[in-house]
There are 2 protein chains.
Amino acid sequence: MSKQQSIHAKTGENIFAKNPKISAELLTLTYGAFVHKLIKDTDNAEEVNAILDKMGYNIGCRLIDEFFAKSPSQGLCQDLNDTAKVIAEQAFKMFMGVTAEIANFDGENKAFSLIFRENPLADFVILPIQHQKLWYSNVLCGVIRGSLDMLNMKVNVYFKKDVLRGHDCTEIRVELKEIVKDKYEEDD
Amino acid sequence: MSKQQSIHAKTGENIFAKNPKISAELLTLTYGAFVHKLIKDTDNAEEVNAILDKMGYNIGCRLIDEFFAKSPSQGLCQDLNDTAKVIAEQAFKMFMGVTAEIANFDGENKAFSLIFRENPLADFVILPIQHQKLWYSNVLCGVIRGSLDMLNMKVNVYFKKDVLRGHDCTEIRVELKEIVKDKYEEDD
């Protein structure tokens, strides 16, 4: 991160400091126990990826309310660049205590990547060789997708890299598909 | 809690302050999403209780290492009274940011209750009427059982009351069954 903290990062940090908190390890171990159970039940990494994404979606649909309740001055974003900054610097800080870097904006400003140097979900996790198709932290993709869906933004969100798979960093790709117009405009 | 903080409560608070943390809501929502999935998959509250307990057991087996790593001056407890205090005031504070009260010691000093006034796992949760047999936070019983098992203490741990079921408080009962002697004593 740059030395000069952005307004989003500052807001995220302030809200995180005031929020009720629990030990990050408890989340790590609880999440790990659940993923372990899902893998054992299904024995299919791709199925677990889908389950985690769906669960994340449900979490995201509720977390977005918490987000706006805690940062009432946050208006709707003007463009995807702004959205990326709010997610990477503010939202992740508020709830997970970490920030992500933004990278790889495409030419049309319709897709970007979030690069994580830290991921509390996956601390101390080692991916067994037989589960190399598992995107262990896939719940995060669902959370982003669910949150943005509540704001009428339809997005594809998926892991491109994960240090657990031996990649050099952990990268989540966010691609904007469509901004849905509010349905009430069509009424009458 | 009494105005005079115990040494365990102080230690727990200090360690909690230094530990990496995440927003309590993130755990609440993540845990909620998992319990919801388990209920949907099994449609059987008692089966979910057992799954949560087992998962908690696995978490507890690892959490006890974290506990001693973070509180290296903590020796083994002298009796169950001491164990109760360490769990209620120190361990729960370290990982969940809350303390429990100790109550209802039995005559033989072989069982006690933990009374929770706050439970971050169950914040904002409403138990649907058809799931009144669910002990929503049953993972906590497993965590206590797993942690104590690693210390050679075989215990029964179960919920007696939960505000989610309309009880006046949330109460976990811990009953000591046996202290297992280290096996190496029998070797040779």
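Could you please state, rounded to a whole Å, how far the C-alpha centre of the stretch B:64-101 is from the C-alpha centre of the stretch A:24-86?
Between the Cα centre of the stretch B:64-101 and that of the stretch A:24-86, the gap is 30 Å.
Using the per-residue mean of other Cβ atoms lying within 10 Å as a proxy for protection, in what order, highest first, do the peptides B:110-122, B:133-145, B:72-84 fall? Display every interim value, and only then the final one.
Working: B:110-122: 19.2, B:133-145: 24.1, B:72-84: 12.9.
Packing order, densest peptide first, comes out as B:133-145, B:110-122, B:72-84.
Read phi for every residue in the stretch B:87-92 and hand back ³J(HN,Hα) as whole Hz from Karplus 6.51 cos²θ - 1.76 cosθ + 1.60, θ = phi - 60°, with x for Gly and Pro.
5, 5, 9, 9, 5, 5
What does the stretch A:52-179 give for Rg and for Dmax, in Å, if only its C-alpha atoms count?
Values for the stretch A:52-179 (Cα only, Rg and Dmax): 14.2, 47 Å.
Could you give the length gained by full extension between A:ASN14 and A:PHE105, i.e. 0.36 nm per residue of separation minus their alpha carbon distance, to one decimal place?
Extra length available between A:ASN14 and A:PHE105 comes to 30.0 nm.
Between the stretch A:5-19 and the stretch A:133-167, how far is it from one alpha carbon centroid to the other, in angstrom?
If you average the Cα positions of each part, the centres end up 23 Å apart.
Binned at 20 Å from 0, what are the whole-percent values of the Cα-Cα distance distribution for the protein assembly as shown, short to long?
Spelled out bin by bin, the protein assembly as shown gives 26, 55, 17, 1, 0 percent.
Against the longest alpha carbon principal axis of chain B, how many degrees, from 0 to 90 and to the nearest 10, is the axis of helix B:139-150 turned?
Approximately 20 degrees, to the nearest 10.
Which of B:ASP53, B:ASP41, B:ASP65 ends up with the largest GNM mean-square fluctuation for chain B, with Cα atoms connected below 10 Å?
Per the Cα network of chain B with a 10 Å cutoff, B:ASP41 tops the list.
Where a number appears in this text, it was derived from the coordinates with a stated rule and is not lab data. Not measured: the values here are computed from a predicted model. Cβ sites come from the backbone with ideal geometry, for glycine too, and all protein chains shown count toward neighbours.
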